Amino acid sequence: NNNNNNNNNNSLTAKGPKVSHRLYMDDLKLYSNTVEEMEAMVSTTSDFSSDICMQFGLEKCGTIRVEKGTKAKFSGISLPDGERIRDLEDEGYKYLGVLESNSILHSEMKTLVTNEYNRRVKKVLKSQLHGKHIIQAINTWAVPVIRYGAGILNWKQAELKAIDIKTRKMMRIYGAHHPQGDVDRLYVSRREGGRGLQSIEEIVRREENALSTYIQSSKDSEILILKEHLLKEKIVNGTVIDKDKDKSDREAVVATQSTGSSGINAEYGNTTI
């Protein structure tokens, strides 16, 4: 069955194309204008899932009703077998790892990823790894927790600085960084004589700038339609970058760090060393 007709779908913008769903692997979102339309779409999805021997994970499913941009009370959606998909109430739901309700739950999501990042850093520091491997483990296991949502979550500079400060504090507590150790050297690559730790502040700003650059240069039809909205509402906050200029600026920063100077700005990282 095909529900992709204009009566059952929502548009991305006032005059934009219609959409009925978003699907990535096994993460599926359905959109409709009425409860009846949604029940029909859920029924179709249920039938298709049965045909390919998949089942709804009801504990991971939820519904939300939005009226005039505000979340409204809702009793949920009935499945063909009589079970119901519950209303989400206030807890929100995760889609592609990001906590949402009628909009992205920025504060809650930032708290979740910060706590998980700190948990992973602490676990690495409690291990018996050598100093070099501690840094590698933090970079590859802990940092991606925050990096994943960069450009989507509205991080403030003070919040990112606080995470970096907390990281250094935990490193000192567990003997991975000397109390009088040089902070700049901690973030310089090992190739240049540093320790190679990735700064959360710099990583997030780099990802924000990379996302902004992609959106500005993208030829994708949906992104072209949404570009004006994304920029006007400041959903995308990064700076569009010149990749060649950025590469030379970053090389200059590394050279300056390795000689102990300061005052060079890296456009990509948006950080003053």
Handout entry: Sole residue being surrounded by 20 or more Cβ atoms within 10 Å (Cβ to Cβ) and at pLDDT 90 or above, chosen from 205, 195, 185
Key = 205
Problem - Number of positions in segment 78-92 that are in a loop (DSSP other than H, G, I, E, B), open to solvent by 30 Å² or more (accessible area, probe 1.4 Å) and either charged (D, E, K, R) or over 19 Å from residue 36 (Cα atoms) (or both) - result: 6
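Check 46, 75 and return the single one that is outside any strand (DSSP E or B), among the small types (Gly, Ala, Ser) and open to solvent by 80 Å² or more (accessible area, probe 1.4 Å).
So the residue among 46, 75 that is outside any strand (DSSP E or B), among the small types (Gly, Ala, Ser) and open to solvent by 80 Å² or more (accessible area, probe 1.4 Å) is 75.
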Handout entry: Number of positions in segment 190-243 that are touching a Ser or Thr at 6+ places or on another chain (Cβ under 7 Å) and on the phi > 0 side of the Ramachandran plot
Key = 2
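Can you name every residue in segment 50-61 that is farther than 22 Å from residue 97 by Cα and either touching an Asp or Glu at 6+ places or on another chain (Cβ under 8 Å) or in a helix (DSSP H, G or I) (or both)?
50, 51
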Problem - Some residue of segment 99-113 being assigned to a helix (DSSP H, G or I), surrounded by 13 or more Cβ atoms within 10 Å (Cβ to Cβ) and hydroxyl-bearing (Ser, Thr, Tyr) - result: no
Handout entry: Check on residue 140, farther than 27 Å from residue 193 by Cα, β-branched (Val, Ile, Thr) and either modelled with pLDDT of 90 or more or buried (at least 19 other Cβ atoms within 10 Å of the Cβ) (or both)
Key = no
Practice task
Any residue in segment 121-138 that's in contact (Cβ under 8 Å) with a residue 24 or more places away in the chain: show its pairings with residues that are of a type in the set (Ser, Thr, Tyr) and open to solvent by 80 Å² or more (accessible area, probe 1.4 Å) at Cβ separation under 6 Å, as long as the two are six or more apart or on different chains.
Solution key: 125/174
Completion exercise
Residue hits (segment 146-182; open to solvent by less than 40 Å² (accessible area, probe 1.4 Å) and either in contact (Cβ under 8 Å) with a residue 40 or more places away in the chain or among the hydroxyl-bearing types (Ser, Thr, Tyr) (or both)) are 146, 149, 150, 151, 153, 155, 160, 163, 167, 170, 171, 176
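The values are calculated or read from the model by the stated rules, or taken from the named source; none is laboratory data. Since this is a predicted model, take the numbers as computed values, not measurements. Note that we place each Cβ from the backbone using ideal geometry, even for glycine, and neighbour counts take in every protein chain shown. For the accessible areas, the whole protein counts, side chains as well, though only heavy atoms, and no ligand, DNA or RNA atoms are used. Shrake-Rupley method; radii C 1.70, N 1.55, O 1.52, S 1.80 Å.
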